[in-house]
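J.: My questions all concern the structure below.
The values are calculated or read from the model by the stated rules, or taken from the named source; none is laboratory data. Since the model is a prediction, treat every value here as computed from it, not as a measurement. For neighbour counting, all protein chains shown are included, and Cβ atoms are generated from backbone atoms with ideal geometry for every residue, glycine included.
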Amino acid sequence: MSLKNSNIASGLVKAINNVENPKKKEATDEFGNTFSYAPLDEVVKVVKKAVEPYGMAVVQPFTTGYQILPNGFEIGVMTVRTEIIHESGEVLEFDPVTFKSNGNTAQMMGSANTYARRYSLMSIFGIAGEEDDDGRIASLHGVNTGRPDSVPENPNKQGEEKQKEQEDNKKSDLINEQQSKELLSLAEEFSKLKETTVDGVLGAFGGLDNLTQDKFDLTKDKLIEWIEKAKSESNQEKSDEPKDDNKKETSSEKKSSKGSAVFTVVSKEERETQEGTQFYEISVEGTKTPMYAKVEVGKNLNIGDQFLGYYSKKGNKVTLEKVEEAQPTLV
């Protein structure tokens, strides 16, 4: 559409001129370097504040895809399109933004989506949301930046001979079977403490198949740190519980709550209980803890869908009770 004499043109100019810089938070990369950046929620907050007075809203629908590299490694591809909608019915669409993740796990795909949304909003509204960090923020969130430490590299850059050399070097530099078993054992211990999946835990490190020797000690120390923290939190919860020597707490008396929120599906897997009852394990953007849903509740949900979900929470277990029609994310 043409922006000449449009409602969006007038409102967008004013919104861009009045938009504030978002609050930043500090982060540390894998090498111990500290830097600051504005997370997505802070960017969304200032954009919403800037456009609302002029009758506008921002939506960011997205699509997901996958790419198989010549070496057989599969990576995720996330494309986000930002649109500005005016209450008069006018719509302004911007060119889509595409980012590749460092793998195909739900967490990596969700991180690429978050980074693409944030990048698009900051570009459109001229927001300075980060320092010049040479791609550290993208790399920290599992986005393939093309830097030497961004996994995986294209094995065909310098021909078949160079590809074989790179593959041989990479293979010899990967962690061995004993190290892999050690990390897997730690991941299983942590997953039981937090009631999450082993794949989800290891996905935070890009999985074991591509973990190199120089990352082994750092990964091991981080898993041990997580386990100790989870145990400490568990012990604290137990110590905070009221004691009654004459009464044992039943499962129905455990702390429970209910609520509703808009979620985005990043993965969906069919599971089965020991009694043979089928159910779905659904991971959503913004949390590592999966939700569990009966077949009739989760059967129509697909990866990338946004939906209004009504859930119940008992302890660390979250059950999806009811879903309503998916809607695009309104900023």
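J.: Of the residues Glu270, Glu281, which is under 30 Å from Ala116 (Cα atoms) and more than 20 Å from the chain's Cα centre (by Cα)?
T.: Unique residue meeting the criteria: Glu270.
J.: For segment 38-49, enumerate the residues that are in contact with a strand residue (DSSP E or B) (Cβ under 9 Å, 6 or more places away or on another chain) and either of a type in the set (Lys, Arg) or farther than 19 Å from Ser111 by Cα (or both).
T.: Val47, Lys48
J.: Got a sec? Which of Tyr280, Tyr310 is touching a Gly at 6+ places or on another chain (Cβ under 6 Å) and either at pLDDT 85 or above or not assigned by TED's automatic domain parsing to the domain that holds Val59 (or both)?
T.: Values: Tyr310 fails: touching a Gly at 6+ places or on another chain (Cβ under 6 Å).
From the options Tyr280, Tyr310, the qualifying one is Tyr280.
J.: Is it the case that some residue within segment 15-34 is small (Gly, Ala, Ser), more than 22 Å from Glu285 (Cα to Cα) and surrounded by 14 or more Cβ atoms within 10 Å (Cβ to Cβ)?
T.: Yes: segment 15-34 contains one or more residues that are small (Gly, Ala, Ser), more than 22 Å from Glu285 (Cα to Cα) and surrounded by 14 or more Cβ atoms within 10 Å (Cβ to Cβ).
J.: So for segment 29-42 (the condition being touching a Pro at 6+ places or on another chain (Cβ under 7 Å), assigned to a strand (DSSP E or B), of a type outside the set (S, T, N, Q) and more than 25 Å from Leu218 (Cα to Cα)), does at least one residue qualify?
T.: no
J.: Please enumerate the residues belonging to segment 43-73 that are in a loop (DSSP other than H, G, I, E, B) and either acidic (Asp, Glu) or closer than 25 Å to Glu87 by Cα (or both).
T.: Gly55, Gln60, Pro61
J.: Only one residue in Val297, Val265, Val323 is surrounded by 12 or more Cβ atoms within 10 Å (Cβ to Cβ), within 30 Å of Gly55 (Cα to Cα) and more than 20 Å from the chain's Cα centre (by Cα). Which one?
T.: Checking each option against the conditions leaves just Val323.
J.: Return the total of residues in segment 58-96 being farther than 25 Å from Met109 by Cα and either surrounded by fewer than 17 Cβ atoms within 10 Å (Cβ to Cβ) or in contact with a Lys or Arg (Cβ under 6 Å, 6 or more places away or on another chain) (or both).
T.: Result for segment 58-96: 4.
J.: Now a separate question. Any chance segment 178-199 includes a residue that's out of contact with any helix residue (DSSP H, G or I) (no Cβ under 7 Å at 6 or more places or on another chain), small (Gly, Ala, Ser) and modelled with pLDDT of 85 or more?
T.: yes
J.: On the basis of being assigned to a helix (DSSP H, G or I), in contact with a helix residue (DSSP H, G or I) (Cβ under 7 Å, 6 or more places away or on another chain), at pLDDT 90 or above and not basic (Lys, Arg), does Met108 make the cut?
T.: no
J.: On the basis of being more than 25 Å from Asn104 (Cβ to Cβ), part of a helix (DSSP H, G or I) and not assigned by TED's automatic domain parsing to the domain that holds Val284, does Glu188 make the cut?
T.: Judged against the criteria, Glu188 is not a match.
J.: Also: Being modelled with pLDDT under 55 and in the same structural domain as Lys49 (by TED's automatic domain parsing) narrows it down to one of Arg136, Arg117, so name that one.
T.: Residue meeting the stated conditions: Arg136.
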